[in-house]
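Below is one structure, written out as structure tokens; the observations come after it.
The values are calculated or read from the model by the stated rules, or taken from the named source; none is laboratory data. Quantities reported herein were computed from a predicted structural model and do not represent experimental measurements. Here Cβ is always computed from backbone atoms with ideal geometry, including for glycine, and neighbour counts include all displayed protein chains. Note: areas computed on protein heavy atoms with side chains; ligands, DNA, RNA excluded. Shrake-Rupley method; radii C 1.70, N 1.55, O 1.52, S 1.80 Å.
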Amino acid sequence: MTAILGAGISGLAAGHYLRRKAASLPLTIYEASDRVGGWIRSERSPKDDFIFEAGPRTIRPKGPAAANTLELIENLGLADHVYSISSSHTAARNRMIYAKGKLNLLPSSLGGLFKTMPPFTKPLFLAAFRDLLASRSESPLQDESMYSFVNRRFGKEIADYAVSSMLCGICAGNAKEISVKFLMKELFEREQQHGGVIKGMLKEALVNRNKPKPTAATPLGKLAQRAKSENWSIYSLRGGLQTLPDTLAADLQSKSVSIVTGTKFEELKFDRDRILLRVDGKEQMLQHLVSSIPSYKLAKHVDQQHPVLAATLRSIPFVDVCVINMQYRRADLLKQDGFGFLVPPIENLPILGVIFDSCCFDMQDNTVLTVMMGGAWFEQWFGKNPSEDQLLEVALTNVQKTLGIDQRPDAYKVNLLRKCIPQYTVGHQQRVSAAREYITKHKLPIALCGASYDGVGSSQAKDRSSECVEM
């Protein structure tokens, strides 16, 4: 028997790929909460005229991993439920940062790189010349923070305003701690190998100019082809992103996969090439286990037998984020339409950014916003146990400051998400590799997947699920 710990999107996707590879494999997914989907949570209004998303709300369609997700959506029969936003849509073109006391549009075309656009004091194309003229790092680096790398190669303004705010949106993290090797591996390796990012790109282009373009190992599915031809920027699902895990769970159950929610995971013990798992007071012997739960939770259960592995799992930090959804019964409150804005830490504000949900999706005659707060700076701004009222007032104050909206929302939801986002700090890839190498060396019948290790999303579960079949 095989079991999966966690029914978030990674655990459910692992179940999907396991079932495809081994249709008759007895498979159970255990989830501690009373629902599936993990941090994905969509709440529809009673009149179904707007949606509050407590977690992720959109998916990017580009790249091999994204193609896997589109294939999954297609296999689940959800292609007709996709809500796509093309690259020409206002939400794709208008992305902003709040800096120097106002909202600033970021360049959305090549021409914008040749203009001086606040908060930057020079045209952004000059950053490329800085990279061409800058020398490589004094000694070879195994890894580096995003801030340090971008500051060295492209300058302090790019690091302070562009990259630092971007990481507030990606992982609610501090650019001075997040690993460039994990998030921008190709750029980092070009600098280390060729002495600069632009130099590396030019050299690679010259070397590859006469080589035939590699063909994809597997052809794109119909939905991925549609995303490419229609030039999608991002997409979601009608009814909210919660539609994906809900449909995935229903599909698994229809294929004899047991999904047990509201469970208490009590003990995990390795016994040669088997695992003894105790859940809700009942013990069972497993041949394989896939863990998609946060690394720090798994660490508690392997500590006694494998303290070295537990220490590695615990070394992956997590942050708290507060997400506050707001709905106003007016459609004309925003002076500038767009996806929303991010706030670079240099501005010293308690919010990470605001998403303009009603600009991205059809919310009828409503303005719907999502305010994100905390992350790497949660305790600094809010202490350890802030009240919902305190968090709401901070959000309202900053919505008024940044957007000029001084009325209270007609509906709101405060979501305090504890230890919800792993931080891919400098050395993250080495830590994850060390954990997996330990598992391989000691022949432990467990596979690791989920946001703790390979980033947010369902695609990496495809690779990790194959480990169980091959063990």
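Taken along the Cα-to-beta-carbon direction at a fixed 7 Å, the label points for SER148 and LYS300 span 3.4 nm. How big is the gap, in Å, between the Cα center of the range 243-316 and the Cα center of the range 368-445? Here the two parts' Cα centres lie 24 Å apart. For the chain, the mean residue ellipticity at 222 nm estimated from helices alone is -10000 deg cm²/dmol, where every DSSP H run of n ≥ 4 contributes -39500 (n - 2.57) and the total is divided by all residues, rounded to the nearest 500. Across the range 310-464, Cα pairs under 8 Å and at least six residues apart give a relative contact order of 32 percent. Figure legend: label point modelled 7 angstrom from the Cα of SER315 along Cα→Cβ; residues of the range 137-160 with amide N under 17 Å from it are 142-145.
Think of the chain as having a plus end and a minus end, set by charges on the Cβ of Lys, Arg, Asp and Glu; of LEU276, GLN287, ASN366, GLN287 sits farthest toward the positive end of this dipole. Going Cα to Cα from LYS297, which lysines come in below 19 Å? Please leave out same-chain ones fewer than 8 positions away. Result set, ordered by chain and number: LYS264, LYS269, LYS419. A DSSP coil position with no more than 14 other Cβ atoms inside 10 Å describes the following trypsin sites (Lys or Arg not before Pro) in the range 101-171: LYS115. With contacts taken as Cα pairs under 8 Å at a separation of at least 6 residues, the chain carries a relative contact order of 25 percent.
Note the full-extension length gain between GLN390 and GLU267 as 0.36 nm times their separation in residues minus their Cα-Cα distance, in nm to one decimal.
Numbers: separation 123, 0.36 × 123 = 44.28 nm, distance 3.78 nm.
This chain segment gains 40.5 nm when fully extended.
Exposure check, 1.4 Å probe, all protein chains in place: SER108 carries approximately 80 Å² of accessible surface.
If R0 is taken as 60 Å, the Cβ-Cβ distance between LYS102 and SER258 corresponds to a FRET efficiency of 0.65.
Accessible surface comparison of THR440, THR425, probe 1.4 Å, protein chains only, largest first: the order is THR440, THR425.
All Cα-Cα distances of the range 337-457, cut into 10 Å bins from zero to the largest, leave 10, 32, 28, 17, 10, 3 percent in each bin in turn. Share of pairwise Cα-Cα distances greater than 18 Å in the range 23-153 is 77 percent (whole percent).
Residues ARG95, ARG44, ARG209 ordered from highest to lowest accessible area at a 1.4 Å probe: ARG209, ARG44, ARG95.
If you count only protein heavy atoms with a 1.4 Å probe, what accessible area per residue comes out for the range 90-133, rounded to a whole Å²?
Working: 2490 Å² over 44 residues.
Per residue, the range 90-133 has 57 Å² of solvent-accessible surface.
By a 1.4 Å probe calculation restricted to protein chains, TYR453 has an accessible surface near 0 Å², given to the nearest 10.
The convex hull drawn around the Cα atoms of the range 225-271, when projected onto a plane and averaged over every direction, covers 6.9 nm². Placing a pseudo-label 7 Å from each Cα along the Cα-to-Cβ vector at GLN192 and SER45 gives an inter-label distance of 5.0 nm. With only the Cα atoms considered, the range 91-209 has a convex hull volume of 125 Å³ per residue.
Across the protein chains, with a 1.4 Å probe defining accessible surface, the residues LEU202, LEU187 rank LEU202, LEU187 from largest area downward.
For ASP34 and GLU204 in one chain, what is 0.36 nm times their gap in residues minus the Cα-Cα distance, to one decimal in nm?
Values: separation 170, 0.36 × 170 = 61.20 nm, distance 5.05 nm.
Between ASP34 and GLU204, full extension yields an extra 56.1 nm.
Taking only the Cα atoms of the chain, how large is their convex hull per residue, in Å³? List each step's numbers first, then the result.
Working: hull volume 78.4 nm³, N = 471.
Hull volume normalised by residue count: 166 Å³.
Gyration tensor over the Cα atoms of the range 68-110: the corresponding equivalent ellipsoid has semi-axes (square roots of 5 times the eigenvalues, largest first) of 33, 11, 9 Å. Set the bar at 24 Å for Cα to Cα. Now go through LYS185/LYS222; LYS122/LYS185; LYS181/LYS222; LYS62/LYS401; LYS100/LYS335; LYS156/LYS181 and name every pair that lies beyond it. With Cα atoms farther than 24 Å apart: LYS185/LYS222; LYS122/LYS185; LYS181/LYS222; LYS62/LYS401. Look at the alpha carbon pairs under 8 Å that are at least 6 residues apart: their mean separation over the length of the range 353-435 gives a relative contact order of 16 percent.
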